[in-house]
1. Hey, can you rank 73-82, 54-63 by average C-beta count inside 10 Å, highest first?
2. What does the extension gain come out to for Q59 and R80, with contour length at 0.36 nm per residue minus their alpha carbon separation?
3. I need the calculated FRET efficiency for the pair N92 and T40, taking r as the beta carbon distance and R₀ as 41 Å, to the nearest 0.05.
Amino acid sequence: MNGIETLTTGFGFWNPIFWVAGFVIALIITWIIWRRGEATYNTSPSSTGPFLSGNAEPQPGEIHVPGGNLYWGFTQALERYYAVIKPLHTGNLADYMLWYMGITAIMLILVVMVP
C-alpha cells in the first residue's frame, strides 16, 4: 500500500487525495469569503472598543455602574452556589486544566466501571 490507494472498511472508504482536495476547496471558499469582506473597515481604537450599550467607555478612576448590578437578581438567587464556587476561581489556567483533567478522569473511570 503506497498511501494514495483507497482504504475500504466495513463503514466506507478513506482516500487521502479526497481529504487534501476537500481541504483545498475549504481554503478557497474561506479565502473568497475573506476577500468579500469590508476593505474600508476602520481599525482605530474608537472603532474597536467594547460596546457598552451606546455609552462611552469610562476613563480609569471614573465611577460607573459595574456589571454585577445588571445580574443582581441572578447572583442573589444563586448566592449559596457562588459562595462555594467563588473561592475556586483563581484565574490560573493551570488550576482550570487540573480541574478539567480530574473531572475527565472521574468520568472515564465511571464509564469503564459501570456496566
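1. Descending mean neighbour count gives 73-82, 54-63.
2. 4.2 nm
3. It comes out at approximately 0.50.
No lab work stands behind these numbers, since they all come straight from the coordinates. All values derive from a computational prediction rather than experimental measurement. Backbone-built Cβ (ideal geometry, glycine too); neighbour counts: all protein chains shown.
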